[in-house]
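The values are calculated or read from the model by the stated rules, or taken from the named source; none is laboratory data. Quick caveat, the model's predicted, so the values are computed rather than measured. Neighbour counts run over all protein chains shown; Cβ positions are idealised from the backbone, glycine included. Just the protein is used for accessible areas: all its heavy atoms, side chains included, with ligands, DNA and RNA removed. Shrake-Rupley method; radii C 1.70, N 1.55, O 1.52, S 1.80 Å.
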Amino acid sequence: MIYAFCNQKGGVGKSTTIYHLARAAVLKNLRVLVIDADPQGNVTRALVEDVQGDDIVLADALSYRTTDTLSDILVPGIWEGLTVAPTAGDKLSPVRDELVSTPNPGRESRLRVQLDAIKADYDLVLIDCAPALDTLTLNALTAAEGVVIITQSKQWSLDGLALLLDNVDNVRAYYNPRLTVAGLIVNLHEANTGAGRHWADELGSAATARGLRLLDPIVPKRQAISDATEYGHGLDQGDSKTRPLADIYAALLTQLMGGKTND
């Protein structure tokens, strides 16, 4: 299963969500590939011990200027069962511009073609997208089977949902007819505020109206979640207050996998 994690706004916790879902997946004995298609490279820094700016990375696999492929740039992640297609330095931004300017056909399918050659080696592929519908995100959506929308229980999240879904519809129409919206994950939720509860309800209503699945449970805003990402730990490795948070991502993973794990 191949999922692209998207939102056209940054700061919603896409990389953190992928990090904890990857941890939940390897704990279920799944073979996991994480592809970092965000020039910020946050998920690479979290999941790979050491990537240097001069290493071959995702940008090299997507560029027309090299012969490197996706399989050439893969590196082990910090946990057994995890592989990462990393990014480092500022190499993805120039490739994004290269893909815009190139006259070559199939520029939106560079990632899909290379992923097709290796996807049988993995049970789950998670693609971290840039917070924009650029050529990098277009490549991710063209390669994916499903889109997971990471959002927050705030008004601007509701306002941007329709635009994001319209863009997904365009990708489905022109590049990837198999693409579906796998669901919405409400992240960084502040259940103790009236605004948080209100906008969570509004997002639920909007999802129902569009025939979308709101994945359960909602992810609360907790310092322990971001701390675990920063220090390279799983939530399951924490204390009695932290370990129950791991169950949230295990439940989300089960929904995304349709109950299919290797337990």
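If you scan the stretch 218-242, which residues turn out to be open to solvent by less than 40 Å² (accessible area, probe 1.4 Å) and closer than 14 Å to residue 189 by Cβ? If the condition is that a residue be open to solvent by less than 40 Å² (accessible area, probe 1.4 Å) and closer than 14 Å to residue 189 by Cβ, then 219, 220, 225 are the ones that fit. Just one of the listed residues (11, 53) is under 18 Å from the mean Cα position of the chain (by Cα) and part of a loop (DSSP other than H, G, I, E, B), namely 11.
Just one of the listed residues (203, 212, 253, 245) is modelled with pLDDT under 90, surrounded by 14 or more Cβ atoms within 10 Å (Cβ to Cβ) and part of a helix (DSSP H, G or I), namely 203.
Restricting attention to the stretch 219-241 and to residues that are modelled with pLDDT of 90 or more and part of a loop (DSSP other than H, G, I, E, B), the residue that is nearest to residue 148 (Cα to Cα) turns out to be 219. Listed by first and then second residue, the pairs with beta-carbon distance under 8 Å, at least 6 apart or on different chains, first residue in the stretch 46-67 and touching a residue at least 12 places away in the same chain (Cβ under 8 Å), second among the aromatic types (Phe, Trp, Tyr) and open to solvent by less than 10 Å² (accessible area, probe 1.4 Å), are 46/19; 47/19.
Residues in the stretch 43-54 that are under 15 Å from residue 77 (Cβ atoms) and surrounded by fewer than 18 Cβ atoms within 10 Å (Cβ to Cβ) were compared, and the one that is modelled with the lowest pLDDT is 50. Is it the case that the stretch 84-93 has a residue that's open to solvent by 10 Å² or more (accessible area, probe 1.4 Å) and modelled with pLDDT of 90 or more? No, every residue in the stretch 84-93 fails to be open to solvent by 10 Å² or more (accessible area, probe 1.4 Å) and modelled with pLDDT of 90 or more. The residues of the stretch 1-14 that are at pLDDT 90 or above and surrounded by fewer than 24 Cβ atoms within 10 Å (Cβ to Cβ), listed by number, are 1, 2, 3. May I ask you to verify whether residue 128 is closer than 30 Å to residue 216 by Cβ and touching a Ser or Thr at 6+ places or on another chain (Cβ under 6 Å)? Spelling it out, residue 128 is indeed closer than 30 Å to residue 216 by Cβ and touching a Ser or Thr at 6+ places or on another chain (Cβ under 6 Å). A single entry from 31, 65 fulfils the requirement of being open to solvent by 20 Å² or more (accessible area, probe 1.4 Å) and modelled with pLDDT of 95 or more: 31. Note on the stretch 68-79: residues that are surrounded by fewer than 18 Cβ atoms within 10 Å (Cβ to Cβ), closer than 16 Å to residue 50 by Cα and not β-branched (Val, Ile, Thr) amount to 2.
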